[in-house]
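Read the structure below first, then the notes.
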Amino acid sequence: MHDFDLMREGRRFAAVEVTAAADAVSLELWKLINGGARWVREELVGGWMVALEPTARAKHLRSELPKLLAQLEAMGIPQLSELHGPTEDLVEQAERRGVVSVCPVSKY
């Protein structure tokens, strides 16, 4: 079994098997998000579910996402929304880091 047939003038001339298609930066993000163990930060009271753009970078998320979530907790706001005046700046910060949405999974 293979993934693709290469065709020329309507005839198959080769079979292609794709074994890996990821760059190092994407793999780092995948490992951060799917690494098995929970990512626990002492400065956060509750748990959060975070949706990310595929272009998000693990290096930035590790250092900056906990700060953003801690700000939301301190403000008592469970989600990012441009409709809430106090979170407008936080929405912009999140977007710059590739965060699509955040949602608490446990009460803080």
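The values are calculated or read from the model by the stated rules, or taken from the named source; none is laboratory data. This structure is a prediction, so every number in the text was calculated from the model and none was measured. Neighbour counts are summed over all protein chains in view; Cβ atoms, including those assigned to glycine, are modelled from backbone coordinates with ideal geometry. Side chains are part of the model used for accessible areas, which takes the heavy atoms of the whole protein and leaves out ligands, DNA and RNA. Shrake-Rupley method; radii C 1.70, N 1.55, O 1.52, S 1.80 Å.
Would the stretch 29-40 turn up any residue that is modelled with pLDDT of 80 or more and open to solvent by 50 Å² or more (accessible area, probe 1.4 Å)? No, the stretch 29-40 contains no residue that is modelled with pLDDT of 80 or more and open to solvent by 50 Å² or more (accessible area, probe 1.4 Å). Residue 71 meets all of the listed conditions (1) at pLDDT 85 or above; (2) part of a loop (DSSP other than H, G, I, E, B) but one, namely (2). Has the stretch 13-25 got any residue that is at pLDDT below 80 and open to solvent by less than 50 Å² (accessible area, probe 1.4 Å)? No, there is no match, as no residue in the stretch 13-25 is at pLDDT below 80 and open to solvent by less than 50 Å² (accessible area, probe 1.4 Å).
Quick check on the stretch 41-53. Is at least one of its residues free of Cβ contacts under 8 Å to residues at least 24 places away in the same chain and more than 20 Å from the chain's Cα centre (by Cα)? Yes - at least one qualifying residue is present in the stretch 41-53. Considering only residues of the stretch 55-80 that are within 12 Å of residue 100 (Cβ to Cβ) and surrounded by fewer than 19 Cβ atoms within 10 Å (Cβ to Cβ), which is farthest from the chain's Cα centre (by Cα)? The residue in question is 79. Residues that are assigned to a loop (DSSP other than H, G, I, E, B) and of a type in the set (Gly, Ala, Ser) within the stretch 1-43 comprise 10, 20, 21, 22, 35, 36, 37, listed in sequence order. Taken over the stretch 44-54, residues that are part of a loop (DSSP other than H, G, I, E, B) and surrounded by 10 or more Cβ atoms within 10 Å (Cβ to Cβ) amount to 5.
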